[in-house]
Amino acid sequence: MRLQMNEQKIRKFLTDSNIVKKIIILEETDSTNRVAKELAWQDEPEGTLVVANVQSAGRGRLGRSFYSPAGSGIYASLILRPNLAATQALRITSCAAVAVARAIETVTALSPQIKWVNDVYINGRKVCGILTEAAFSGQGEQMQHAILGIGVNVGKMQFPNELSSIATSLENETKESVSRSRLLAEICNEFSVFYENIEKGTFLEESRKRSFVLGKQILVHTSEGMYEAKAVDLNEEGHLIVEKDGIRECLYTGEISVRIKK
């Protein structure tokens with residue numbers, strides 16, 4: 001088993017302008033997002049980072065689980081208190097995906113892509129999942145806080161049968177050891193750059209360039225059924241625009257899931 005990450009190792013690679021103000025290291029928890037949410041409601045400040053060596057019930061989008069074996073990945077959640085409207089919530093996930101992709105490029109020779117809206121892929125397989133959960137104040141128009149959860153498969157991993165053909169890890173791809181502490185710090189460094197001016201959406205151009213789906217035929221899954229469409233663009237809030245029978249529509253996270261048609 002790999003050694004647990006510690007605060008000193010992480011801070012060694014953090015920039016001075018980084019958003020991270022406090023780091024909480026847990027050997028094991030059910031979900032770092034759950035822990036961070038509880039802390040956020042207790043008025044824990046923005047920039048509090050919760051990190052676990054293993055998750056027993058890691059959470060993904062749409063109620064899915066996130067495979068989180070001990071010492072093999074990054075399982076971290078960051079408390080944010082952005083000045084964003086509810087309609088802009090997707091920006092957090094979108095800029096985090098770009099930050100993860102950039103960080104992976106910094107510490108490896110890999111070229112990550114983004115599968116809208118919250119997955120980072122390498123060579124056609126998922127290496128990272130992102131889950132943003134937000135709370136809203138007033139009439140639900142303004143964000144009170146957000147929990148940014150990031151899970152990255154880092155070490156050499158043997159996946160369960162149901163994941164073996166669709167998931168990978170950095171070490172599986174590079175055949176070289178990757179420092180989890182450095183990678184987490186680099187993710188936070190890159191995210192901080194975008195988050196400082198998140199309302200300007202400076203990350204969107206790179207999100208488009210790194211897209212795993214734009215220009216491709218996809219299958220869109222909604223609560224009402226499934227249909228085929230072409231992914232054509234991302235709008236200024238990071239929502240995916242698809243085209244079906246010459247008609248374009250905008251897709252919203254949480255209501256749909258997307259997979260590339262085989």
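Between 152, 87, 231, whose Cα lies farthest towards the positive end of the dipole of the chain when Lys and Arg beta carbons carry +1 and Asp and Glu beta carbons carry -1, centred on the Cα centre? Checking the options against the dipole of the chain, the answer is 152.
Packing, taken as the mean count of other beta carbons within 10 Å per residue, orders the peptides 84-93, 170-179 from highest to lowest as 84-93, 170-179. Entry note, region 127-194: relative contact order of 25 percent, from Cα contacts under 8 Å with a spacing of 6+ residues. Taking the Cα centre of the chain as reference, the dipole from Cβ charges on Lys and Arg (+1) and Asp and Glu (-1) amounts to some 780 debye. A crude spin-label estimate for the pair residue 226 and residue 199, with each label 7 Å from Cα along the Cβ direction, gives 4.2 nm. Translational diffusion coefficient of the chain (Stokes-Einstein, Kirkwood radius from Cα pairs, 37 °C, 0.692 mPa s): 177 µm²/s. How large is the helix-only mean residue ellipticity at 222 nm for the chain, computed as the sum of -39500 (n - 2.57) over DSSP H runs with n ≥ 4, divided by its residue count, in deg cm²/dmol to the nearest 500? Estimated from H runs of four or more residues: -6500 deg cm²/dmol. These residues, 210, 102, go from largest to smallest accessible area, 1.4 Å probe, as 102, 210. Rounded to the nearest 20 debye, the dipole size of region 80-133 about its Cα centre is 20 debye, using +1 on the Cβ of Lys and Arg and -1 on the Cβ of Asp and Glu. Membrane-span-like helices in the chain (whole DSSP H runs, Cα extent of at least 15 Å along the helix axis, mean Kyte-Doolittle hydropathy of at least 1.6): none found. Under the criterion of Cα pairs below 8 Å and six or more residues apart, the relative contact order for the chain equals 18 percent. Classified by the C-alpha gyration tensor, region 169-239 has an oblate form. Its axis ratio a/c, with a ≥ b ≥ c, is 1.5 or above, and a/b does not exceed b/c.
With a cut-off of 20 Å on the backbone N, the residues of region 68-109 near the modelled label site 7 Å out from residue 12 along Cα-Cβ are 71-76, 103-109. Simple rule: put +1 on each Lys or Arg Cβ and -1 on each Asp or Glu Cβ in the chain, find the dipole, and look at 24, 195, 40; the Cα lying farthest toward the positive end is 24.
Residue separation of residue 166 and residue 87 scaled by 0.36 nm, minus their Cα-Cα distance, works out to 25.3 nm of gained length.
Taking every protein chain into account, the 1.4 Å probe leaves residue 200 with about 140 Å² of accessible area, to the nearest ten.
The values are calculated or read from the model by the stated rules, or taken from the named source; none is laboratory data. As the structure is a computational prediction, the values presented were derived from the model and not from experiment. When we count neighbours, we look across all protein chains shown, and the Cβ atoms used for this are built from the backbone with ideal geometry, even at glycine. Side chains are part of the model used for accessible areas, which takes the heavy atoms of the whole protein and leaves out ligands, DNA and RNA. Shrake-Rupley method; radii C 1.70, N 1.55, O 1.52, S 1.80 Å.
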